[in-house]
Amino acid sequence: MALLAALAAGGLLFLFPFYYTIVGSLQLEPNADISGAFPSPGNFSLENYAAINEALNLGRTLLNSGIFTAGVIIATLALGLLAGYALAQLDFRGRGVIFNAMLLVLIVPFQLLMIPLYVMIVRYYGLADNYLGMILPFAVNPTAVFIFRQFFKQIPVDLFDAARIDGASEFQVLRRVAIPIATPAIITAIIVTFIGPWNEFLWPFLITKEQSLQPLAVALANYISNVAARAANPFGAILAGATVLAVPAVVLFVATQRWFVQAQLGSSVKG
Amino acid sequence: MATIAATAPRARRIRRALGRHPVGLLFVLPYAAFLVLVYAYPLGLAVYMSFYDYFFAAPGAVVERPFVGFDNYTTAFGDAIFLESLGNVVTFLVINVPLTVALSLVLATALNAKLPLRGFFRTAYYIPYVTASVAVIGVWLWLFSDTGLVNSALGPVAPAPPWLVNEFWAMPMIAFFATWKQLGFYVVLYLAALQNIPSDLYDAASVDGAGALKSFRHVTVPGVRPATTLVVILSTIVGANFFTEPYLLTGGGGPNNSSVSPVLHMYRRGIEQGDAGYAAAIGVLLAIGVIVISMVNRFILERD
């Protein structure tokens, strides 16, 4: 019982900042006193959402976040399914090398590559302020490739051999047999991949100077560091923007957490 | 006729050289190209740049970028801000690692028991991990501002200047923030490790008269040791690589660089000031540091 109470207290402490974000985003006058931690109908307003929408153009920045995220998910599925299937079910020279390289990149921190990637993408290819430049370094989520490989590994070869005997090419086997049975792995990969680009700050921040191309995380961060000082209720507007940024990821997680937690585990422990 | 006779051994030869399904090479080619383009090549470029006086000029301008040997590296070791940022990483690790290991192991053990609302607690502890840093930094800024809720609650004992702009508190605040944000992930990691401890070990311990605390110390803690190694290594990687927290939470590594991180310094020198060769050298040093610390941790935690 004491354990349950301690867990509950800890859980509430963990969730309090989220609750407080929503409460604060709905206050007309910022109230940082203890009384401000409780919703008060007299101080309620959607003004902060209007203010942050005016400053950041939420529709546009959300669209940018969406394009960035969708681009990464599509590339991850396309290249990842091909590679995951081949690594699990096909026998070819170089398979071991590619698989080991794949495990290795799981531990290379992005920040180490930040300067050379910036040189390549901005200077060599001229892809600053461009969706392609934003997507490229994140295009394939190695964790997702790993999920696909693990999934196809546990499918018996006979299933694919049957199609091969019928004269299907390897690509047809992938498209007609492998991908249709891989739905659970695909869903898991989408969920795990989603939070990467959606929450990413550093890379899109480095390469987008034009606000009309910035994902919401970058636009909100710039608002926090530059504009907030001049706004009427800076914290209210920041919290409204934070709510809009956090809701899609949190909702997706809560709705699909069974898949999510298992996938995170599978890739980190076995990896 | 002759052609058919020639193709059969050739097919066998191809099979021997490329494997039973040479088409597999074609399937992994796009991903392999991606790994080369986004990991291998930049890694090589970082090392190359770190030996040159590589700076950004106006686009299109032809500039000389002379080879400077180890100059960038010797500069780094005489760079007070870089050294301070390394010290900040140490502060971060000293706070973050013990806190993370202790809290997540205790929480995982508690959540492993059959409790009502277990699913709710797992979700509650995991939510900060899936939320964008930028979003949660907003509310931390408000909570810990001069007139924020925390100071309102503390009243006269509130530190001045407030937490995030206080030279003593800024870095620990980043460590607390990271602990809070990552804890759910580590709890799940330990939960998985706990499943691998055979239950007869606990039975044996209780037959020997061990209480809950004793069996936690003598069965659980050694049983999850591989997970602990992983936690320490991952924390080290996070600690060496944070950027968003000092950039936004403590207003650009402030005050007085007391919370500057190596990556923030890299960003300033390399991208804001255009000294990319020097920034690349810092990146290489960081990578080497992380690898060495990981290996040492592994050695210490897994000896026996």
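The values are calculated or read from the model by the stated rules, or taken from the named source; none is laboratory data. As the structure is a computational prediction, the values presented were derived from the model and not from experiment. Every residue, glycine among them, receives a Cβ derived from its backbone with ideal geometry; neighbour counts consider all protein chains shown. Areas reflect the complete protein model, heavy atoms only, side chains present, ligands, DNA and RNA absent. Shrake-Rupley method; radii C 1.70, N 1.55, O 1.52, S 1.80 Å.
Geometric descriptor of segment B:1-126, per residue, is 349 Å³ (volume of the convex hull of the Cα atoms). Averaged over the residues of A:3-16, the number of partner chain Cβ atoms lying within 10 Å of the residue Cβ comes to 5.
Close amide H contacts of B:G148 (hydrogens built in the peptide plane, cut-off under 5 Å, sequence separation of 5 or more or a different chain): none are found. Computed 3J(HN,Hα) for segment A:240-255, one whole-Hz value per residue from the Karplus formula 6.51 cos²θ - 1.76 cosθ + 1.60 where θ = phi - 60°, is 5, x, 5, 4, 4, 6, 7, 4, x, 5, 5, 4, 4, 5, 5, 6, glycine and proline marked x. Most tightly packed first, judged by the mean number of other beta-carbon atoms within 10 Å of their residues, the peptides A:152-160, A:42-50 read A:42-50, A:152-160.
Binning all Cα-Cα separations of segment A:119-253 at 10 Å, short to long from zero, yields these whole-percent fractions: 10, 27, 25, 20, 12, 5, 1, 0.
What is chain B's relative contact order, in percent, from Cα pairs under 8 angstrom and six or more apart in sequence? Result for chain B is 27 percent.
If packing is taken as the average number of other Cβ atoms within 10 Å across a peptide's residues, how do B:69-79, A:245-255, A:26-36 rank, most packed first?
Output ranking for B:69-79, A:245-255, A:26-36: A:245-255, A:26-36, B:69-79.
With the alpha-carbon atoms of the protein assembly as shown aligned to their principal axes, the span from lowest to highest coordinate is 97, 77, 49 Å, starting with the largest. Can you give the Rg to Rh ratio of segment B:237-303, both from alpha-carbon atoms, with Rh computed by the Kirkwood formula? Computed over Cα atoms, the ratio is 1.08.
A Förster radius of 60 Å, combined with the Cβ-Cβ distance separating B:I14 from B:E167, puts the computed FRET efficiency at roughly 0.35.
Note that chain A presents 43 Å² accessible area per residue, ligands and nucleic acids not counted, probe 1.4 Å. Dipole orientation for the protein assembly as shown: of the candidates A:I238, B:F56, A:N199, A:N199 has the Cα lying most toward the positive pole (charges on Cβ; Lys, Arg +1; Asp, Glu -1). Placing unit charges on each Cβ (+1 for Lys and Arg, -1 for Asp and Glu) gives the protein assembly as shown a dipole about its Cα centre, and among B:A205, B:A276, A:I165 the Cα reaching farthest toward its positive end belongs to A:I165.
Let me test this: with uniform point scatterers at the alpha carbons of segment A:43-85, what is the Debye-based log₁₀ I(q)/I(0) at q = 0.26 1/Å? Results for segment A:43-85 at q = 0.26 Å⁻¹ read -0.84. Ligands, DNA and RNA are left out, and with a 1.4 angstrom probe the accessible area of chain B is 47 Å² per residue. Using only alpha-carbon positions in chain A, the gyration tensor eigenvalues give semi-axes of 41, 25, 16 Å once each is multiplied by 5 and square-rooted (largest first).
Taking max minus min of the alpha-carbon positions on each principal axis, chain B gives extents of 91, 64, 36 Å, largest first. Each of B:F77 and A:S225 was given a label point 7 Å from its Cα along the Cα-to-Cβ line. The distance between the two points is 3.1 nm. Amide H to amide H, with H built 1.01 Å from N, B:Y52 comes under 5 Å of B:V68, counting only residues 5 or more places away or on other chains.
What is the ratio of the Cα radius of gyration of segment B:167-241 to 2.2 N^0.38 Å, where N is its residue count, to two decimals?
1.43
Under the rule of -39500 (n - 2.57) per DSSP H run of 4 or more residues, summed and divided by the residues of the protein assembly as shown, what mean residue ellipticity at 222 nm is obtained, to the nearest 500 deg cm²/dmol? For the protein assembly as shown, the value works out to -21500 deg cm²/dmol. Between A and B, buried accessible area from a 1.4 angstrom probe totals roughly 7700 Å², ignoring ligands, DNA and RNA.
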